[in-house]
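A short write-up of the structure that comes next.
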Amino acid sequence: MTEKSSNVIFYITLGIMVGCGICIWKFSGFSHDVAKFNMILVAFLAVIMVQTLLFTPVKFTAIAIDAAFWPTQQEPLTPDPNATVGTQMNALRLQLKSLKSKLLITERHRNERVNLKYRLIKKDIFLTGKLFLILFVMVLLMFNESLFYNTQTTRDLFEYDHKKTIGLRSLIDVNDLYTFLEYSLVMAFTDEANTVGGFPWTHVEGTRMLGVVRLRQIRTEDYHMGLRAPVFTQADFSESWKLPYERVPYTDKYWPIYMPWISIAPTLRDTLTMTIVHHGKFINYPEKIGYVTLLSDTRTKSKLILQYLLQKRWLDSNTTALFMDFSLYNVDSNTFSVCTLWVEQFPFRGVKHHLEVESHVFVEQLRDITLFGMLMLFVTFFEWLQFAKAFFVKVWYEPRLLKTPWIMVDAVILILSMSVVIITAFRDYLSQKMIRKVEISVMVEFVDFREPSRLSHFSNVVKGFTVALVTLRLWKALQFSPTFQLFTKTIFLAWQALIWTLVISIIFIAAISISTVTINGNNTYSFSDMSKGLVTVTCFAFGYTNIVTPEELFHGGKWLGIILYVIMGFLVEYMLVNLIVSMLRDQMVSIKSKKDSQQGQRLSFWEFLRVEHAGFLNFILKMFKIKTSYSSKNRTVAQNIEQNLKNIEEKSMGTLKIKGYTETTTRPSGKVLQLRYRERIERTLAVAAILHAQMDLIERLMFGDEDGNLPKMDEDKEPASTPSSIK
């Protein structure tokens with residue numbers, strides 16, 4: 001028999017070419033700049049993506065149209081001139097190999113429906129598991145710890161007093177904001193020489209302000225507090241908040257003095273992306289209303305603007321909140337800090353400060369991307385393509401699968417993944433556009449990096465949902481495990497009782513929250529309003545007891561506080577949670593007993609893999625020389641056989657004793673015992689057939705020719721003697 005053709009020569013040639021290329025690139029002195037080399041890799045990935053997603057469907061569409069309208073004629077079948085005739089030895093070797101496989105393939109392995117199911121599960125686990133691990137690694141790679149420290153440092157520098165600046169904590173009245181603006185946002189970012197284009201920050205030399213500071217105040221029609229919600233005014237005023245509004249000529253030259261008195265006119269893009277609501281201690285403040293003014297890029301001009309606003313009483317008793325928006329850039333760490341400092345004024349003239357600082361890396365430096373990062377980028381892209389291909393192949397051949405829940409989950413994963421790419425690309429486009437705006441020295445404008453910041457937030461949210469859905473998809477792929485099946489079946493059967501128990505828990509949590517907020521709300525931050533009370537009691541119910549101390553509940557009386565704390569600690573945290581656990585446990589025990597009675601009748605997933613990949617597993621065992629050794633345990637072979645038979649008998653009776661420990665086992669049913677009996681008979685017959693084939697093969701090797709044919713018996717020999725002739 002001729003040897004089967006292989007691709008060994010091709011792989012050897014390819015390995016030699018790749019090795020020579022690596023040696024030339026490494027030792028010849030030829031090297032690209034790191035950033036340029038990464039740019040080449042990114043461009044290569046972009047070309048592959050465009051070709052795969054755009055040109056490949058077009059190419060196959062053209063091929064399909066050509067094959068449909070101009071089909072090719074099939075060539076007539078001709079016999080293969082190189083065909084070989086099998087010999088008796090080859091037939092015996094093939095028969096012996098087949099008989100050895102029958103030792104593994106029992107009656108349970110011949111259920112094609114189960115085999116097909118497990119084969120699909122194997123592919124699903126391999127595909128979804130790879131995607132989950134790669135996304136997990138990518139999330140870890142993209143996590144930047146320096147952003148957290150940058151955010152905390154920036155917050156501290158604006159919140160507390162320092163040598164040359166004052167902090168927001170020092171504000172007592174709304175008029176103190178002018179002092180804060182002058183020292184912390186004007187003098188801290190400018191110099192006495194009035195250098196155009198900004199100056200390094202007083203606290204951090206490598207940080208500069210991009211653009212200028214934007215001041216936005218929200219006003220109410222009346223500063224009196226009543227039962228109705230405050231109404232924000234959006235009318236246009238003249239200077240010093242006078243009505244009616246009159247447009248004076250030449251007010252739009254140089255610095256527009258009318259702008260602080262004109263209400264904001266939001267654009268359509270602002271309506272779509274900047275849907276922000278700032279939650280204050282008193283009320284909530286929307287983002288798209290208010291009166292805006294800009295500071296300048298030099299110290300003198302900014303002081304003149306502040307002086308003008310102070311003289312015209314731009315901040316007064318009707319001012320509900322003042323927002324200070326600006327963006328900082330740290331050259332050393334390539335970090336953008338999008339800052340929103342705002343102060344709200346209560347009806348009783350008190351003020352409360354807030355800091356919203358977000359740190360982002362809007363400009364990715366290709367030089368900083370490691371080789372491992374580029375490799376993970378390529379691997380992520382190709383794994384995503386495999387996942388998308390598997391999805392579209394299923395839907396193409398069976399469109400009805402689109403109605404199944406898990407195929408819908410796959411579709412949502414693909415849609416969210418594409419959304420992340422689109423949002424990130426649009427964010428990078430906006431960032432580059434704003435950076436070019438900064439590069440041409442247009443520093444008297446407000447460069448709003450809050451929009452890329454919002455897009456980064458949307459991208460992170462969508463990315464989180466994508467990883468969560470991939471994890472849920474992996475849960476479905478792991479349903480071959482009896483533990484996963486048991487848990488899923490338990491939840492499915494107990495969903496009604498589980499929902500009603502959760503409703504009861506929610507009612508208890510809401511009732512306790514209302515009582516604690518009513519009694520202690522004016523004295524404790526954790527129960528200052530209903531939302532904080534619900535969050536506090538819910539966290540306490542799930543074990544986070546360090547967020548509440550008993551003293552926080554004593555404002556309505558010590559004994560009443562102790563009663564509330566006992567109710568929170570016992571009734572909510574232990575009784576309701578233990579009720580859910582006990583209910584699920586009862587369901588799980590009943591389902592487990594049913595599954596144990598059926599155990600052994602069906603093929604397990606691991607048994608399927610053992611047969612499916614028997615060749616590979618045997619190769620690994622041979623390569624690492626792993627052999628199953630016989631342990632005598634200080635007994636003879638006969639004693640070991642007797643002990644094994646005794647264990648089998650005890651197990652069939654329902655109990656098993658091992659070193660003084662008695663284990664109660666589930667007794668197999670009659671069907672299981674019959675199945676095991678049939679499998680033993682089948683293996684015994686297979687062993688007998690293997691021995692017979694081996695004896696036949698040995699006989700032909702010893703006495704036959706090269707093809708295994710035995711010599712013919714001599715027909716001329718004298719026949720055997722009969723009893724009569726012997727007599």
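The values are calculated or read from the model by the stated rules, or taken from the named source; none is laboratory data. It should be emphasised that the depicted structure is a prediction, and the values quoted were computed from it without experimental measurement. Neighbour counts are summed over all protein chains in view; Cβ atoms, including those assigned to glycine, are modelled from backbone coordinates with ideal geometry. These area figures cover heavy atoms from the full protein model, side chains too; ligands, DNA and RNA do not enter into them. Shrake-Rupley method; radii C 1.70, N 1.55, O 1.52, S 1.80 Å.
Worth pointing out:
- Test: Ile512 is open to solvent by 50 Å² or more (accessible area, probe 1.4 Å) and at negative phi: no
- Within the range 177-210, tally of residues that are of a type outside the set (S, T, N, Q) and free of Cβ contacts under 8 Å to residues at least 24 places away in the same chain: 7
- Counted residues, the range 315-352 - those being assigned to a strand (DSSP E or B), open to solvent by 30 Å² or more (accessible area, probe 1.4 Å) and within 18 Å of Glu205 (Cα to Cα): 1
- The lone exception for Val139 - which of (1) modelled with pLDDT of 85 or more; (2) within 30 Å of Trp384 (Cβ to Cβ); (3) β-branched (Val, Ile, Thr) it fails: (1)
- Within the range 128-143, at least one residue is under 30 Å from Leu474 (Cβ atoms) and either more than 41 Å from the chain's Cα centre (by Cα) or among the hydroxyl-bearing types (Ser, Thr, Tyr) (or both).
- Given (1) open to solvent by less than 90 Å² (accessible area, probe 1.4 Å); (2) under 23 Å from Thr87 (Cα atoms); (3) of a type outside the set (S, T, N, Q); (4) at pLDDT below 70, number of the condition Gly704 does not satisfy: (4)
- Residues of the range 516-562 that turn out to be farther than 26 Å from His279 by Cβ and loosely packed, with under 13 Cβ neighbours inside 10 Å, as a count: 5
- Looking only at residues of the range 353-374 that are within 21 Å of the chain's Cα centre (by Cα) and modelled with pLDDT of 80 or more, we find that the one that is surrounded by the fewest Cβ atoms within 10 Å (Cβ to Cβ) is Val361.
- Enumeration of residues in the range 220-235 that are among the small types (Gly, Ala, Ser) and either modelled with pLDDT of 85 or more or not in a loop (DSSP other than H, G, I, E, B) (or both): Ala235
- Across the range 145-176, the qualifying residues are those that are touching a residue at least 12 places away in the same chain (Cβ under 8 Å) and small (Gly, Ala, Ser), and the one among them that is farthest from Phe189 (Cα to Cα) is Ser146.
- Lys97 falls short on exactly one of the conditions (1) in contact with a helix residue (DSSP H, G or I) (Cβ under 9 Å, 6 or more places away or on another chain); (2) among the basic types (Lys, Arg); (3) assigned to a helix (DSSP H, G or I), and that condition is (1).
- As a summary of the residue check, Ser456 satisfies the conditions (1) at pLDDT below 80; (2) surrounded by 13 or more Cβ atoms within 10 Å (Cβ to Cβ) except for the one numbered (1).
- Checking Thr293, Thr267, Thr300 one by one, the residue that is in contact (Cβ under 8 Å) with a residue 12 or more places away in the chain, at negative phi, open to solvent by 50 Å² or more (accessible area, probe 1.4 Å) and among the polar types (S, T, N, Q) is Thr300 and no other.
- Any chance Asn115 is touching a residue at least 60 places away in the same chain (Cβ under 8 Å), among the polar types (S, T, N, Q) and surrounded by 13 or more Cβ atoms within 10 Å (Cβ to Cβ): yes
- Members of the range 176-215 that are surrounded by 14 or more Cβ atoms within 10 Å (Cβ to Cβ) and polar (S, T, N, Q): Ser184, Thr190, Asn194, Thr202, Thr207
- Cβ-Cβ contacts under 7 Å between residues 6 or more apart (or on different chains), taken from a first residue in the range 456-467 that is more than 14 Å from Ser431 (Cβ to Cβ) to a second residue that is among the hydroxyl-bearing types (Ser, Thr, Tyr) and surrounded by 14 or more Cβ atoms within 10 Å (Cβ to Cβ), are listed as Val462/Ser419; Thr466/Ser417.
- Count - residues of the range 508-534 that are part of a helix (DSSP H, G or I) and over 13 Å from Met568 (Cα atoms): 10
- Looking only at residues of the range 261-290 that are over 41 Å from the mean Cα position of the chain (by Cα) and of a type outside the set (Val, Ile, Thr), we find that the one that is farthest from Leu430 (Cα to Cα) is Trp261.
- Residue, most open to solvent (accessible area, probe 1.4 Å), within the range 375-385, restricted to residues that are aromatic (Phe, Trp, Tyr) and touching a residue at least 40 places away in the same chain (Cβ under 8 Å): Trp384
- Flag not set for Val420, criterion: open to solvent by less than 70 Å² (accessible area, probe 1.4 Å), closer than 19 Å to Leu127 by Cα and in a helix (DSSP H, G or I).
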